[in-house]
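Have a look at the structure below, then the notes.
The values are calculated or read from the model by the stated rules, or taken from the named source; none is laboratory data. These numbers come from a predicted model, not from an experiment. Every residue, glycine among them, receives a Cβ derived from its backbone with ideal geometry; neighbour counts consider all protein chains shown. Note: accessible area is taken over every heavy atom of the protein model, side chains too, but ligands, DNA and RNA are not part of it. Shrake-Rupley method; radii C 1.70, N 1.55, O 1.52, S 1.80 Å.
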Amino acid sequence: MNTLATAALWAVLGWGVLLTGRAVVTARALQAARRTPVPAPGEGAPHVALLIPALREQDLLSEVVGAVARLDYPSELLHIVVITTEREERDRRAHLAELPDLERLLRAAPDDATAGAHLSGIVPSSRARDVAARVRTATEPSRVLRDEITATPTTRDVASALLPDIAARHPKTALHHLHYDEPSGAKSSQLVYAVERLSDLLPRDAVPSRTYVGVYDADSQPDRTTLRHLAHETDKAHRAGHTPPTLVQQLPLQLRRPHAARPGVADLVLRAHAVADLRRRMGVEAHRLRARARLRALRLPDGLRTALDPVVYGIGAGLFVRHDKLVSIGMYEEPVDDLLVGYKLSAAGESAVVLPVHNLVDRYARVGALAKAYSLVALGSVAGCLRLLRDPALRAYGPRNTVTLVKEGLDTVWWFLGPPCVAAAVAVLTVNGAHRPLLTWAAAAAAYMVLHALISVSLATRFLEHHEGARARAEPPVGGGAPGLLLPLMLLQPVLHWLGPLRLATARALGPLARRPLAMGKTER
């Protein structure tokens, strides 16, 4: 038993070392590609429709629309579509109906910062603390709270006022505002609503096989050269005699400080998570995309390539999919639009590439928001595996679908059960008195975590330095409050990563006892 437990611990550590090594190699490859001069988009450059789904994004909408309108790309090929939703108005009515409960919650909070956290998402996060302070000191708190909520413009109002001004500054770029008028449905439904209307929005020469549909969230600040690199990838495929890549992925840098962030140890934990997240971005997501492209270039036998092809994930903000293929796979689906796109295209054996430039986005403001996001991804992983198992359209892909199911199924199972297995191995060695092998492994794991932290900080610093475009609220990887704690706090990252599956499994087990369903929507800002 001791031998098995020791082997399990070293296998887990070895896997971590492998991921960090992959991250370093992949980051260097992307940096080399970024340094290579990219020609201006030529005559065959694709049309790009950028979808921006917005829910309670009053403060951030102007940032993202302005950023994508300034992208270095021919204006006549760039089409920006902002999609607001009736769900926001429905939720506002619900909040107003629960005003007494909300007022009691604010008045019972120990301080204005905590009270503001309760209001984040009901009013914009940047103003939540000030609004909470006014309510808590008012002689008529209910009236003040109602006035503050009703006086806040909706994202729909902001979009209607904002887009004409940006259109005047970028007269050749097509800007559209759609309002999804169904009160239910999450981000995926907004995206599908927009894709179904693209035939009316895009010009006639926007052929679906030469048009990409991209998605950016409201906190996105893509590198200014993003679409030039996308056009370069399609041009390379054309010169090689291949069809344009089906999936083009831009990776996120979670290195902006969100409006809702509050000082304290929890904030430092989340900063450490944002920096450590780069290992996964480079060592897993970018590595798989590059490996898939290399395997396609080798022209291996179909069976061998099917076995070797890695499963690629779709990452929502910065995900570009060819319009014709997006429609053929059923577009975006609940509960996680991007993850299922990646699964379906992997099962279909479609081509995918990763861009060498990044999308700068907000990191998480609260540990609860991070757990909520990871639980949504965990739900998407399970739902995706069930789709691969049951969907006749995906099963028609035969061995490719089976291989995708097995690989991703094992990955999902390990995400849920990996931490308990590691804890069990440590417990076995402790109970059996095998302290020497346990201490040896712990020392090696600590040394690796320090090395991993230093590498992650170095990558974050380098990526930020070379990001072309606005860096509003970007945080240096180290600096600010108690920077010395940032590196040791990375030791908590495996625990944070497991919060999602744990939260989902607990909610499913205790579901009948819960007073209200588990919130699985987007992180509120």
Margin query: Under 5 Å between amide hydrogens, which residues at least 5 positions from L253 or on another chain qualify, with H placed 1.01 Å from N in the peptide plane?
Written below: N359, L360, V361
Next item on the list: Using only the Cα atoms of segment 47-130, construct the convex hull and provide its projected area averaged over every direction, in square nanometres to one decimal.
Entry: 6.6 nm²
Margin query: Give the lysines reachable from K172 as a straight Cα distance under 30 Å; neighbours fewer than 8 places away on the same chain don't count.
Written below: K187, K236, K325
Next item on the list: Provide, for q = 0.17, 0.21 Å⁻¹, the log10 of I(q)/I(0) from a solvent-free Debye sum over equal Cα point scatterers in segment 1-156.
Entry: -0.95, -1.27
Checklist line | Per DSSP, loop GluC sites (Glu not before Pro) in segment 20-84 with at most 14 further Cβ within 10 Å | finding: E43
Notebook entry, point to check: Can you give the Rg to Rh ratio for segment 287-364, taking only C-alpha atoms and Rh from Kirkwood?
Noted result: 0.99
Checklist line | From phi via Karplus (6.51, -1.76, 1.60), per-residue ³J(HN,Hα) for segment 17-30 in Hz, x at Gly/Pro | finding: 4, 4, 4, 5, x, 4, 4, 5, 5, 5, 4, 5, 5, 5
Next item on the list: List the pair-distance distribution P(r) of segment 313-439, using every Cα-Cα distance, as the percent of pairs falling in each 5 Å bin from 0 up to the bin containing the longest distance, rounded to whole percents.
Entry: 2, 9, 16, 17, 16, 12, 10, 7, 5, 4, 2, 0, 0
Next item on the list: Between the alpha-carbon centers of segment 225-265 and segment 33-49, tell me the distance in whole angstrom.
Entry: 13 Å
Next item on the list: Using only alpha carbon pairs under 8 Å that are at least six residues apart, calculate the relative contact order of the chain and give it in whole percent.
Entry: 22 percent
Check: Dividing the alpha-carbon radius of gyration of segment 368-495 by 2.2 N^0.38 Å (N being the number of residues), what value is obtained?
Finding: 1.47
Check: Over segment 1-80, what per residue volume does the convex hull of the Cα atoms give, in whole Å³?
Finding: 199 Å³
Note to self: Can you sort L370, L410 by solvent-accessible area, 1.4 Å probe, largest first?
What the structure shows: L410, L370
Next item on the list: For the chain, build the charge dipole from Cβ charges (+1 Lys, Arg; -1 Asp, Glu) around the Cα centre, then report which of A133, L486, A297 sits farthest towards its positive end.
Entry: A297
Margin query: Positive end of the dipole of the chain, charges at C-beta (+1 Lys, Arg; -1 Asp, Glu), about the Cα centre: which of H118, L345, V192 has its Cα farthest in that direction?
Written below: L345
Item checked: Cα-based Rg and Dmax for segment 352-411, where Dmax is the largest Cα-Cα distance (Å) -> 15.7, 43
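Nearest 500 deg cm²/dmol is fine: what mean residue ellipticity at 222 nm does the chain get from its DSSP H runs of n ≥ 4 alone, each adding -39,500 (n - 2.57), divided by its residue count?
-18500 deg cm²/dmol
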Next item on the list: Let me know the charge dipole size of the chain about its Cα centre in debye, to the nearest 20, where only the beta-carbon of Lys, Arg (+1) and Asp, Glu (-1) is charged.
Entry: 1360 debye
Item checked: All-pairs alpha carbon distance profile, segment 75-209, 5 Å steps from 0, percent -> 2, 9, 16, 16, 14, 12, 10, 8, 6, 4, 2, 1, 0
Next item on the list: Using only the Cα atoms of the chain, construct the convex hull and provide its projected area averaged over every direction, in square nanometres to one decimal.
Entry: 26.3 nm²
Notebook entry, point to check: When the Karplus curve 6.51 cos²θ - 1.76 cosθ + 1.60 is applied with θ = phi - 60°, which whole-Hz ³J(HN,Hα) does each residue of segment 114-123 get, with x for Gly and Pro?
Noted result: 5, 5, x, 4, 5, 8, 4, x, 7, 10
Margin query: Among S375, G14, Y212, whose Cα projects farthest towards the positive end of the dipole of the chain, with charges put on the beta-carbon of Lys, Arg (+1) and Asp, Glu (-1)?
Written below: G14
Checklist line | Two-decimal Rg to Rh for segment 141-206 - Kirkwood Rh, Cα set | finding: 1.11
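How big is Rg to Rh over segment 212-288, alpha-carbon atoms, Rh as the Kirkwood inverse-mean-distance radius?
1.09
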